[in-house]
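Heads up, the thing below is written out as structure tokens.
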Amino acid sequence: VYANVKERTYELLKGHDLAQKIFGQKGKIDDVMERLPTTFAAKEWREQYREFLNFDTLTERLRNTNFVSNEFMDINGEWRLSRFIVKSRDTQGNVVDVLYVVRDITEEKLRELMYQKQLKASMEDAQRANISKTAFLQRMSHDIRTPMNAIIGFTSLAATHIDNQEQVLDYLKKISTSSQHL
């Protein structure tokens with residue numbers, strides 16, 4: 001669709017039967033823009049699509065760029081990419097004419113959604129592995145720290161009671177038990 005933003009008129013350059021039926025060949029933008037979302041977009045995508053088609057904000061959205069795009073799911077469950085492309089500007093840089101094009105992106109979008117799903121599953125796997133690793137390290141740290149504390153403590157006690165052979169032998173047995181546990 002070729003559209004004059006200033007005059008709010010359009011001309012259908014090419015379109016499938018339903019687009020031709022809604023647009024006709026030429027007309028006023030305001031007469032058709034409200035019907036497009038309910039005719040083409042799936043219910044949950046209609047409001048976003050309606051905002052995208054809003055000609056009152058189009059000039060501002062195109063102020064510093066040559067196009068704006070919107071992805072939406074149509075009423076048949078297929079994905080579409082709609083785009084306003086600046087065709088001409090006035091001497092102040094304001095948009096005068098645009099092309100409005102819609103392209104079927106179902107295959108690309110389904111591939112993207114599949115990759116996102118795989119990425120999410122990989123992230124969840126990594127998070128589970130990280131939780132398991134953390135729990136393992138906490139248990140191992142405790143299992144190492146407890147006998148090490150006993151070995152260090154009994155070694156220190158044995159050193160302070162070096163003259164008491166019976167006490168030192170008791171400490172050595174406990175050190176040996178802790179070492180075996182470790």
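The values are calculated or read from the model by the stated rules, or taken from the named source; none is laboratory data. All values reported here derive from a predicted model rather than from experimental measurement. A quick note on method: Cβ atoms are made from the backbone with ideal geometry, for glycine too, and the neighbour counts reach across all protein chains shown. We work out accessible area using only protein heavy atoms, side chains counted, and drop any ligands, DNA or RNA first. Shrake-Rupley method; radii C 1.70, N 1.55, O 1.52, S 1.80 Å.
Against the list (1) free of Cβ contacts under 8 Å to residues at least 40 places away in the same chain; (2) farther than 29 Å from residue 110 by Cα, the condition residue 73 fails is (2).
Cβ separations smaller than 7 Å between residues 6+ apart or across chains give the following pairs from region 43-60 residues that are over 13 Å from residue 94 (Cα atoms) to residues that are of a type in the set (Val, Ile, Thr) and not in a helix (DSSP H, G or I): 55/5.
Flag not set for residue 84, criterion: farther than 14 Å from residue 99 by Cα, in a strand (DSSP E or B), open to solvent by less than 20 Å² (accessible area, probe 1.4 Å) and not small (Gly, Ala, Ser).
Residues in region 91-105 that are exposed (fewer than 15 other Cβ atoms within 10 Å of the Cβ) and either over 20 Å from residue 64 (Cα atoms) or without any contact (Cβ under 8 Å) to a residue 12 or more places away in the chain (or both): 91, 92, 103, 104.
Here is a check on your reading of the model: is residue 124 part of a helix (DSSP H, G or I), of a type outside the set (Val, Ile, Thr), surrounded by 10 or more Cβ atoms within 10 Å (Cβ to Cβ) and within 25 Å of the chain's Cα centre (by Cα)? Here the answer is yes, as residue 124 does meet what is asked.
For region 27-61, name all the residues that are among the β-branched types (Val, Ile, Thr) and surrounded by fewer than 14 Cβ atoms within 10 Å (Cβ to Cβ). Scanning region 27-61 gives 38, 57.
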